[in-house]
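The values are calculated or read from the model by the stated rules, or taken from the named source; none is laboratory data. Here the structure is a predicted model, which is why all the values come from computation and not from measurement. Note: ideal-geometry Cβ built from the backbone for every residue, glycine included; neighbour counts use all protein chains shown. Remember, those area values only see protein heavy atoms, side chains included, never the ligands or the DNA or RNA. Shrake-Rupley method; radii C 1.70, N 1.55, O 1.52, S 1.80 Å.
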Amino acid sequence: MKEKWNLKRLIFNISSLVDLGQEVTSSKGFNDKMKTTLYVVTGMFSVPKAALFLYNSNSHNLELLTHKGLREIDGTSLYVRAKHIKIFKKNEPYNISEIKDNSFCEHNGGAFKKLQTKTFIPLFAKDEFVGAITLGKRLARGSYLPSEKDVLKVIANQMAITLHNSNLFKKLTNKVTENKKLYENMRHIYHDTIQAFAAAIDAKDVYTKNHSYRVARYAVAIAREIGWEGRDIEGIYVAGLLHDIGKIIIDRGVINKGEELNTMEISEIKRHPQISYDILSKIKFPWKDVVYFVKHHHERVDGKGYPDSLAETELSDGVKILALADAFDAMTTDRPYRGKLSLFDALREVKKCLGTQFDEKISKVFFRVLQKEIKGEIKEAQILPHLDKDFDPAIITTLLEAITAELTA
Amino acid sequence: MNNFSISVKPANDIVVIMPKGYVNDLGAERLEQACEQFLDKGIKKVVINFSDMQFINSIGASIFTGIVQKTLEYNGQLCFTNMRKVHRDVFEMLGITKHVKVFKDERNALSFLKGLG
Ligand SMILES: [Fe+2]
């Protein structure tokens with residue numbers, strides 16, 4: 001199904017997911033927390049009736065934990081057996097008519113009717129079945145769009161993790177699991193969701209499939225190499241994923257145009273960092289500088305970039321990292337107006353533009369980390385896996401060494 | 001949400017509710033409960049005046065989704081007034097306004113509801 005990307009919807013969804021993240025890490029009691037997360041789902045998809053169940057592995061039932069908009073359903077439970085759990089796809093929203101297992105449908109028919117269930121989502125934290133959500137009819141449209149299903153899956157995953165971490169769940173399953181910090185798990189929700197949105201941004205631009213994802217990876221590689229850690233790394237990663245979000249409201253025809261762009265079209269495209277900033281600044285991100293990295297990813301150290309024509313000292317390391325990661329990926333992938341450069345040529349191009357487009361210090365770090373990746377000195381390579389494999393490592397290494405030597409001299 | 005105020009209007013079968021502040025956490029459930037109580041008592045014309053309402057997030061949207069659903073179930077008539085664009089955008093996107101009559105202000109909503117008899 002082809003989907004029109006609606007900006008307001010996008011902002012609402014991202015904000016809701018950010019809210020959700022804040023809720024699950026709040027100091028609220030478990031029941032309120034779960035209830036609130038259920039409210040986030042029902043609000044996002046305008047579902048007046050919904051319920052959340054917790055799996056009790058002793059009774060082999062799903063036991064009602066909390067609900068929204070239902071009456072006289074206290075004590076309702078759902079029947080579920082190992083064979084059902086085996087066939088459920090993890091955190092996947094099922095239209096209940098799609099569930100083909102007879103014993104599941106027969107046993108739960110009455111409960112589903114009482115709960116007015118249309119959609120059933122089995123909740124899994126990793127491989128462990130922890131509960132389920134039932135959703136009633138939507139106020140707006142009937143079925144869920146593919147992107148809505150993606151968002152539902154992200155939320156379901158988050159709720160599953162939260163359930164799994166709860167003491168109540170542990171008691172029910174008689175298990176002492178390590179109490180992982182919710183705070184860490186919250187990161188998943190942001191990352192998964194933001195990744196889903198990044199895919200949507202890239203989908204708009206036929207030439208830049210996975211561009212945002214690669215930019216995020218490259219930026220992380222450079223940031224780690226200059227010694228960034230933890231939250232800062234997450235911030236630059238998210239900035240990479242979302243830097244082009246403004247493109248979703250720029251005419252697709254302009255973005256994918258093969259021929260040279262006219263002045264009007266160029267200024268249209270150049271609006272995207274500002275638009276990205278406008279969109280993202282409406283969202284309360286847990287990382288503080290993301291919006292600025294995004295706004296300035298087309299600035300240059302010589303001050304000839306856009307939108308603010310900032311120069312060298314006005315640009316933060318994060319901006320310089322993102323600008324380089326973005327441009328490097330643009331060079332090494334096909335674009336509407338030109339074919340891609342080989343890795344060798346792209347690296348020479350970066351070198352040529354030092355002090356004008358790119359920052360020298362950051363570029364040196366980039367050369368160094370790439371060299372380390374080629375030599376296998378980095379545990380988790382971030383750049384190499386995304387490059388065409390047709391280069392000769394020996395030649396690239398020689399080039400990188402030569403550039404580094406020249407810059408150090 | 002900090003609070004909200006309720007006034008029952010002359011026609012007696014109309015209630016006007018003014019949510020105040022942010023409708024963005026479970027506290028706002030009281031708004032939904034209040035609506036339901038009126039519907040249950042037979043006061044089925046509900047006006048929600050948005051002039052003092054700020055920001056709304058998905059949790060708030062859930063509350064309003066519930067209010068719409070309950071009004072439908074009780075065969076009531078729900079009116080929204082004094083909405084700002086941010087509210088209208090969210091409600092339109094969620095398909096909530098489809099089930100609601102939207103008026104510029106309370107006076108227009110009241111004269112419409114009185115006209116219903
Ligand atoms: Fe860009």
| Neighbour net charge for B:GLY95 - beta-carbon separation under 12 angstrom, K R +1, D E -1 | +4
| request: For segment A:207-408, just the Cα atoms, rotate onto the principal axes and tell me the three extents in Å, largest first. | output: 43, 40, 29
| Just from the alpha-carbon atoms, what are the Rg and Dmax of segment B:36-117 in angstroms? | 12.2, 35
| message | Just want to confirm a number: the relative contact order over chain A, from Cα pairs under 8 angstrom separated by 6+ residues, in percent. | response | 12
| task | Add +1 for every Lys or Arg and -1 for every Asp or Glu among the other residues with Cβ under 9 Å from the Cβ of A:THR356, and state the total. | result | +2
| query | Taking the highest mean first, how do the peptides A:391-397, A:343-349 order by number of other beta carbon atoms within 10 angstrom per residue? | reply | A:343-349, A:391-397
| message | Can you return the aspartates and glutamates within cross-link range of A:LYS83? Criterion is Cα-Cα under 17 Å, with same-chain partners fewer than 8 residues away left out. | response | A:GLU92, A:GLU98, A:ASP101, A:GLU106, A:ASP127, A:GLU128
| query | Placing +1 at every Lys and Arg Cβ and -1 at every Asp and Glu Cβ, with all other atoms neutral, what dipole size does the protein assembly as shown have around its Cα centre, in debye to the nearest 20? | reply | 1980
| task | Work out how much length A:GLU268 to A:THR313 would gain on full extension: take 0.36 nm times their residue separation and subtract the Cα-Cα distance, in nm to one decimal. | result | 13.4 nm
| message | Probe of 1.4 angstrom, ligands and nucleic acids ignored: what's the accessible area per residue over chain A, in square angstrom? | response | 45
| remark: For A:GLY131, the residues 5 or more places away or on another chain with a placed amide H closer than 5 Å to its own amide H are A:TYR55, A:LEU123
| message | For Cα pairs less than 8 Å apart in space and 6+ apart in sequence, what is the mean separation divided by the residue count of segment A:234-281, i.e. the relative contact order in percent? | response | 54
| note | Heads up, segment A:244-298 by the C-alpha gyration tensor (a ≥ b ≥ c square roots of eigenvalues; a/c under 1.5 rounded, else a/b over b/c prolate, else oblate) looks prolate
| remark: With the 8 Å Cα cutoff and a minimum separation of six or more residues, chain B has a relative contact order in percent of 24
| query | How crowded by other chains is A:33-46, given as the mean number of beta carbons from other chains within 10 Å of each beta carbon? | reply | 6
| request: Take the eigenvalues of the Cα gyration tensor for the protein assembly as shown, scale each by 5, and report the square roots as semi-axes in whole Å, largest first. | output: 48, 29, 19
| field | Exercise: per-residue mean of other protein chain Cβ atoms within 10 Å, B:70-78 | value | 1
| query | Quick one: what does P(r) look like for segment A:63-135 with 5 Å bins over all Cα pairs, in whole %? | reply | 3, 15, 30, 28, 16, 6, 1
| query | In whole Å, what is the distance between the alpha-carbon centres of segment A:331-409 and segment A:18-84? | reply | 50
| task | Determine the calculated [θ] at 222 nm for the protein assembly as shown from helices alone, applying -39500 (n - 2.57) to every DSSP H run no shorter than 4 residues and normalising by the residue count; nearest 500 deg cm²/dmol. | result | -15500 deg cm²/dmol
| said: I'd like the distance separating the alpha-carbon centroids of segment B:41-79 and segment A:257-311, in whole Å. | reply: 40
| field | Sorted peptide list for A:114-122, A:309-317, criterion being average Cβ within 10 angstrom, highest first | value | A:114-122, A:309-317
| said: Give me the inter-chain shielding for B:50-62: mean count of other chain Cβ atoms within 10 Å, whole number please. | reply: 5
